[in-house]
Amino acid sequence: MEEINLRDLLAYFKKHLILFVTFVVLVVAGGTFYTIFVQKPEYKAQATVILSSDKSKNTVQNEINANKNLIDTYTEVVKSHRVLDRVKREMLIDDSYEQLVKKINVSSLKDTEIISISVVDANHYHAFELANSIAEVFTSEIGLIYNDKSVNVLDRAVEPQKPYNVDVVKQEAIYLAAGVVLATAIIFLMFYFDRTIKTTEQIEQLFKLPIFGKVRKLETEKQKEKRKKEAEKRAKKEAKQAIKLEKQQMKLAKKLAREEAKKALDLEAEEAESEESDETESETEEKTEEAPVKKVVEIKAVGRKIIAEEKALQEKLAAEKEAEEAEIDETETDEIDEDSELVLRDNPKSKVSEDFRTIRTSLYFSLNNKKSNTVLITSSTPNEGKSFIASNLAVAFAKTQKKVLLVDCDMRLGRQHEIFALSNKAGLSNLLAENEAKAYEKYVQKTTVKSLSVITRGVVPPNPSELLDSSDMEELLNEAKEKYDYIILDGTPLDGLSDSLILAKKTDRTVVVCSANITTIEDLQNSKKALEAIDVKVSGVVLNRTVDERRGDYYNKYYSY
C-alpha cells in the first residue's frame with residue numbers, strides 16, 4: 001500500500017460524508033431503540049456495614065486490626081448460604097440461591113473497615129428491602145459466629161427513585177461517540193483498502209505514464225433533476241422580481257394621479273380667490289395673478305419628476321426583461337440533448353466538450369508524424385467508458401476539418417452504431433470475413449458530423465481475434481491511411497481478451513481509458529504489463545468520470561462501454 005496522503009484521505013471522507021452521517025445516525029438510533037424498548041430498567045440499593053472499633057471487645061477487634069484479610073472473609077460471609085437462606089426465609093423469596101447471588105455485590109471500601117452491600121433488582125421496592133435485610137442478617141450472623149456484636153449497620157438502604165442503568169442523555173452521548181468512532185474507522189479502512197484510481201496525479205506518481213486529459217463525471221438522473229429544480233427556482237425568483245417592479249410602477253402611477261388631482265384642486269381654489277379680489281388694490285391684483293401661474297409651474301415640475309421616475313422604472317424593467325430573455329435564449333441554445341452521447345456534437349459549449357478538446361490537443365502533439373495517424377482506444381476492464389471517449393474524440397478531430405474514420409473493433413459488444421444511430425447489418429466483421437479490405441469504402445457510413453465516417457462492428461463473428469490478426473485488417477488500415485487524416489479504433493478491454501493486444505501492434509498510438517473510482521491500480525498495472533510484454537508502450541491515459549470536488553461539475557448521464 002502506497003503512503004497515505006492526508007489530502008486524499010480528507011477528500012475521501014468528504015466524498016463519503018453521507019455514509020459517515022448515515023452510519024452515526026444508525027448507531028444512535030439503534031442504541032436509542034435498545035435503551036427504550038429492549039433494555040430492562042434495574043434499580044440499585046446500597047447498605048453499608050461497619051466493623052466498630054469497640055475497645056471493650058478487644059478479642060475480635062484486635063484480630064481485625066491484626067489481619068485486614070478478615071474483611072475479605074466477611075464479604076464472602078454476606079453471600080454465604082447461611083446468610084442468604086435466612087434472608088429468603090424471612091422475606092419469603094422464591095428465588096434460588098444462584099439467582100439471589102447474582103443480584104448482590106459486596107465490596108470493602110479501601111483502607112476502611114466498611115463493607116458495602118449493593119442489590120440490583122427490577123423492582124425498586126425489593127431492591128432496598130433486600131439490601132437492608134441482608135445487612136441485618138449479616139450483622140446478626142457475624143455476632144453468632146464470632147460471639148461479638150462489634151459489626152453494625154452503618155447506613156440503611158433507601159428506596160431508589162429511578163433506574164440506575166438508564167440515563168438517556170449519558171447513553172445518547174455514548175452512542176454518538178461510538179458511532180463517530182466506528183464510522184471514522186470504517187471509512188478509514190475503506191480508504192486504506194480502496195485500490196481504485198482517483199486522480200491523474202495518482203497515475204503519474206504510480207505508473208509514470210503520460211496523461212492526455214480527464215473527462216468530468218456524467219450527470220445522474222438525481223443530479224439532472226436537481227439542476228432542473230434550481231432552474232425553476234431561479235425562474236420563480238425572477239418572476240417575483242418582475243411582479244414587484246410592476247407593483248412599484250402602478251404605485252408611482254397612482255401617486256402621480258393623486259398629485260395631479262391635488263394640484264388641479266389647488267389651482268381652481270386660487271382662481272376663485274383671484275376673481276373675488278378684483279376690487280382690491282392693483283398691487284394685490286398683480287400678486288394674485290402671479291399665484292396660479294406659480295402653482296402651474298410647480299404642478300408641471302412635480303409631474304415631470306414623477307414621469308421621469310416612471311420612465312426610469314420602465315427602462316429598468318425593460319432592461320431586466322431583455323436580460324432575462326437573453327439568458328433564456330442562451331440556455332436554450334446550450335441545452336443538453338439528454339438522449340445523445342456525442343457531447344461535442346450536441347453540446348459543444350459544455351465543460352465536457354472542453355475536456356475532449358484538451359485530450360485532442362494532447363494527442364495531436366503525440367501524433368507529430370504525418371504517417372502516425374492511427375489511434376487505439378482501449379481500457380483495462382468493461383464499463384470504463386472507452387466507447388464514449390472514442391466517439392467524442394473522433395468528433396473532436398473532425399471538428400478541425402480533418403477527415404476521420406472511426407472503426408468499431410469490438411466485434412463482441414461494440415456500440416458505436418448505437419451512439420451514432422447507424423445500421424449494423426454490415427460492418428468490420430463482414431469486411432474482414434469476406435476479404436474486402438480494398439473495397440472497405442462500401443462499409444463506411446457517413447455521420448451527421450462533417451468529415452467523420454464510421455465502420456460499425458457488424459455481426460458477431462465466432463473468431464474476432466483471428467479476424468483482427470489477419471492480413472486484411474492490416475491492409476484495411478493501410479488503405480484507410482491514404483484517405484483519412486486520423487483513424488480511431490475502438491478496441492476491446494484488455495482484461496481477458498487479446499483483441500486489443502493484436503490491434504496495439506498495428507496502430508501508432510495506444511490510449512488506455514481509466515474510470516475514476518472504478519479502475520483499480522492492479523487493473524492498470526496489468527494492462528501496462530500486457531502491452532509492454534508485446535513491446536507496446538502506453539502512449540497516454542485518459543481518466544474518465546472525474547469530479548471536481550470544489551465545484552461538483554457534471555454532465556448528463558451516459559453509460560459507456
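The values are calculated or read from the model by the stated rules, or taken from the named source; none is laboratory data. Note that the coordinates shown come from a computational prediction; the quantities given were computed from them, not determined experimentally. Glycine also receives a Cβ, built like all others from the backbone with ideal geometry; neighbour counts cover every protein chain displayed.
Summary table below
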{"item": "Residue match in region 465-482 (condition: within 43 Å of the chain's Cα centre (by Cα), surrounded by fewer than 22 Cβ atoms within 10 Å (Cβ to Cβ) and either in the same structural domain as Lys442 (by TED's automatic domain parsing) or of a type in the set (Val, Ile, Thr) (or both))", "result": "yes"}
{"item": "In region 482-531, the residues that are among the basic types (Lys, Arg) and more than 28 Å from Lys399 (Cβ to Cβ)", "result": "Lys505, Lys528, Lys529"}
{"item": "Selected residue [touching a Ser or Thr at 6+ places or on another chain (Cβ under 9 Å) and within 30 Å of Gly31 (Cα to Cα)] from Val120, Val166, Val153, Val101", "result": "Val166"}
{"item": "Flag if Thr280 is over 30 Å from Leu9 (Cα atoms), modelled with pLDDT under 65 and surrounded by 11 or more Cβ atoms within 10 Å (Cβ to Cβ)", "result": "yes"}
{"item": "Qualifying residue in region 425-441 (condition: in contact (Cβ under 8 Å) with a residue 24 or more places away in the chain, in contact with a His (Cβ under 9 Å, 6 or more places away or on another chain) and either crowded, with 22+ Cβ neighbours inside 10 Å or of a type in the set (Lys, Arg) (or both))", "result": "yes"}
{"item": "Whichever residue in region 163-188 is in contact (Cβ under 8 Å) with a residue 12 or more places away in the chain and farther than 30 Å from Lys15 by Cβ and, among such residues, is surrounded by the fewest Cβ atoms within 10 Å (Cβ to Cβ)", "result": "Val168"}
{"item": "The one condition in (1) at pLDDT below 85; (2) more than 30 Å from the chain's Cα centre (by Cα) that Tyr43 fails to fulfil", "result": "(1)"}
{"item": "Condition check for Thr184: touching a strand residue (DSSP E or B) at 6+ places or on another chain (Cβ under 7 Å), in a helix (DSSP H, G or I) and not aromatic (Phe, Trp, Tyr)", "result": "no"}
{"item": "Pairs where the first residue, in region 32-46, is of a type in the set (D, E, K, R) and the second is crowded, with 17+ Cβ neighbours inside 10 Å, C-beta under 7 Å, 6+ apart", "result": "Glu42/Val120; Glu42/Asp121; Lys44/Ser118; Lys44/Val120; Lys44/Ala127; Lys44/Pro160"}
{"item": "Residues being within 12 Å of Asp499 (Cβ to Cβ) and out of contact with any Gly (no Cβ under 6 Å at 6 or more places or on another chain) - total across region 397-415", "result": "5"}
{"item": "Members of region 425-470 that are over 21 Å from Pro493 (Cα atoms) and not in a loop (DSSP other than H, G, I, E, B)", "result": "Asn430, Leu431, Ala433, Tyr440, Glu441, Lys442, Tyr443, Gln445, Lys446, Leu452, Ser453"}
{"item": "Among (1) under 17 Å from Ala47 (Cα atoms); (2) part of a helix (DSSP H, G or I); (3) of a type in the set (Asp, Glu), the one test that Glu159 misses", "result": "(2)"}
{"item": "Selected residue (criterion: surrounded by the fewest Cβ atoms within 10 Å (Cβ to Cβ)) from residues of region 94-139 that are aliphatic (A, V, I, L, M) and within 15 Å of His81 (Cβ to Cβ)", "result": "Val101"}
{"item": "Failed criterion for Val151 (all others in (1) outside the structural domain of Leu70 (by TED's automatic domain parsing); (2) of a type in the set (A, V, I, L, M, F, W, C); (3) surrounded by 14 or more Cβ atoms within 10 Å (Cβ to Cβ) hold)", "result": "(1)"}
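This table checks each residue for (1) modelled with pLDDT under 90; (2) surrounded by 12 or more Cβ atoms within 10 Å (Cβ to Cβ); (3) within 30 Å of Phe365 (Cα to Cα).
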{"position": "Arg156", "(1), (2), (3)": "no, yes, no"}
{"position": "Thr199", "(1), (2), (3)": "yes, yes, yes"}
{"position": "Lys233", "(1), (2), (3)": "yes, no, no"}
{"position": "Lys237", "(1), (2), (3)": "yes, no, no"}
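Okay, residues lined up against (1) surrounded by 22 or more Cβ atoms within 10 Å (Cβ to Cβ); (2) within 18 Å of Lys446 (Cβ to Cβ); (3) in the same structural domain as Gly427 (by TED's automatic domain parsing):
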residue	(1), (2), (3)
Val343	yes, no, no
Asp346	no, yes, no
Leu376	yes, no, yes
Pro382	no, no, yes
Lys403	no, yes, yes
